[in-house]
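Notes to accompany the following structure.
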Amino acid sequence: MSGAGSDTDGGDERFDPGAVTRPAPELLTYYLWVSALALVGFPFVFAAKYLRYVSLRYRFDDEGVSVAWGVLFKREVHLTYRRIQDIHVTRNLFHRWLGLATIAVQTASGAPGAEVSIEGVRDPEALRDFLYTRMRGARGIEGGTEEGNSPESRADEALALLREIAASARELARRRGGGA
């Protein structure tokens, strides 16, 4: 990807979310420097960071963003674009030196920190713009007249879901009443 995606209009047009599936290799260098600061604990800290780096995976699809990591204890977080409340790009001194950034994605979950952190990103502005565009589109703020994104279509979808839940509840009540 060339360019930093700093254009405000269409910055996400050049950005291919499918290309971001793993952190940049420079993240391993960053983890090495961070581990070195632990001095005596270097082998333990670096081993944990290395396993995180090796297992870290990202996926951006039509529904949302998924981040998975872990070797012994696997963890996967999937956030729909509708749940995203805020996006923060952070870079410390080492990040800037290596050309990396971390994107923290926050939801209204009440958690004190970010719900998901996307580490080792080379083009954070383009990814941030992509996420903001998807987040606003999911809420109908920009492009709310697109097919399937109008308030009427969302209301129809909600009504269909409620009818499905009611039918399932009636079936469950019928089974419990008939089986007793």
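The values are calculated or read from the model by the stated rules, or taken from the named source; none is laboratory data. Treat the numbers as computed from the prediction; the structure is a model and nothing was measured. Don't worry about glycine lacking a Cβ; one is built from the backbone with ideal geometry, like all the others, and counts go over all protein chains shown.
Below are the figures for this structure:
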item	result
Condition met for Ala111 (in a helix (DSSP H, G or I), more than 11 Å from the chain's Cα centre (by Cα) and modelled with pLDDT under 95)	no
From Arg136, Arg163, residue being modelled with pLDDT under 90, assigned to a helix (DSSP H, G or I), assigned by TED's automatic domain parsing to the domain that holds Arg96 and of a type outside the set (Gly, Ala, Ser)	Arg136
Odd one out for Leu79, checked against (1) at pLDDT 90 or above; (2) assigned to a helix (DSSP H, G or I)	(2)
Residue match in segment 115-124 (condition: at pLDDT 80 or above, out of contact with any strand residue (DSSP E or B) (no Cβ under 9 Å at 6 or more places or on another chain), assigned by TED's automatic domain parsing to the domain that holds Tyr50 and not polar (S, T, N, Q))	no
Restricting segment 49-94 to residues that are among the small types (Gly, Ala, Ser) and surrounded by 14 or more Cβ atoms within 10 Å (Cβ to Cβ), the residue that is farthest from the chain's Cα centre (by Cα)	Ser55
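A quick yes/no check of all residues on (1) at pLDDT 95 or above; (2) in contact with an Asp or Glu (Cβ under 6 Å, 6 or more places away or on another chain):
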{"residue": "Ala19", "(1), (2)": "no, no"}
{"residue": "Glu26", "(1), (2)": "yes, no"}
{"residue": "Thr29", "(1), (2)": "yes, no"}
{"residue": "Arg52", "(1), (2)": "yes, no"}
{"residue": "Arg57", "(1), (2)": "yes, no"}
{"residue": "Ala68", "(1), (2)": "yes, yes"}
